[in-house]
1. Across region 132-166, what is the total count of residues that are in contact with a strand residue (DSSP E or B) (Cβ under 8 Å, 6 or more places away or on another chain) and part of a loop (DSSP other than H, G, I, E, B)?
2. All but one of (1) in contact (Cβ under 8 Å) with a residue 24 or more places away in the chain; (2) under 28 Å from residue 33 (Cβ atoms); (3) surrounded by fewer than 20 Cβ atoms within 10 Å (Cβ to Cβ) hold for residue 123, so report the exception by its number.
3. Please list, ordered by first then second residue, the pairs with beta carbon atoms under 9 Å, 6 or more apart or interchain, first in region 206-225 and not assigned by TED's automatic domain parsing to the domain that holds residue 171, second surrounded by 10 or more Cβ atoms within 10 Å (Cβ to Cβ) and in a helix (DSSP H, G or I).
4. Condition (residue is over 25 Å from residue 172 (Cα atoms), without any contact (Cβ under 8 Å) to a residue 40 or more places away in the chain and touching a helix residue (DSSP H, G or I) at 6+ places or on another chain (Cβ under 6 Å)) applied to region 51-73: is it met by at least one residue?
5. Residue by residue through region 167-180, note down the ones that are surrounded by 22 or more Cβ atoms within 10 Å (Cβ to Cβ) and within 15 Å of the chain's Cα centre (by Cα).
6. Could you tell me whether residue 101 is surrounded by 18 or more Cβ atoms within 10 Å (Cβ to Cβ) and part of a loop (DSSP other than H, G, I, E, B)?
7. Quick one: is residue 32 out of contact with any helix residue (DSSP H, G or I) (no Cβ under 6 Å at 6 or more places or on another chain) and in contact (Cβ under 8 Å) with a residue 24 or more places away in the chain?
8. Restricting to region 135-155, what's the tally of residues that are over 15 Å from residue 187 (Cβ atoms) and either within 12 Å of the chain's Cα centre (by Cα) or crowded, with 22+ Cβ neighbours inside 10 Å (or both)?
């Protein structure tokens, strides 16, 4: 089996561990920066947690053949990219997890260091570049491109012939029309509908659901006995 280190000890790192453990990888350790070394636990799903700069961390790096950086969208995905570049420069190979329950058309092109959860649909002629995370249940339409270092939440629709710029975050249930170009470093919050191309470094959000002034028991004329 390929020996894998996972950078991170967060909830995502725990999830990534459980998924990789069902693949061809043996997880030998979790590594973190020393200032984030947990004080209340020192293993994660049976694998030790080490500071990357420690002797134990260095030994794990020397033993491993592959790595995965289990970081979400912190600092607009920069943390994941930074650690990916550092670990790759150390000579380790980037690992990807592609769920067997995702549909990926045979013509789609996939980069490296990807995490693609279950129930994603990646259609004909699409491209997913390096270092992207696609959480569960997204639709990437035909001839579309997700550029490098993007985080796609759940139940996102990217329609056909569209592109999503590098470092962008796509929130839960957002929808991108067809023939749209999303700029780099965009933050598109949950439930947004994007029907025009966007410039770089743009933030989009919709107003949250407001509470109705009439309580539900009164609205539906419920009288508890």
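1. 12
2. For residue 123, the exception is condition (2).
3. 212/219; 223/217; 224/217
4. yes
5. Hits for region 167-180 are 167, 168, 170.
6. No.
7. yes
8. So the answer is 8.
The values are calculated or read from the model by the stated rules, or taken from the named source; none is laboratory data. Keep in mind it's a predicted model, so treat the numbers as computed, not measured. FYI the Cβ positions are ideal-geometry reconstructions off the backbone, even for glycines, and counts take in every protein chain you see.
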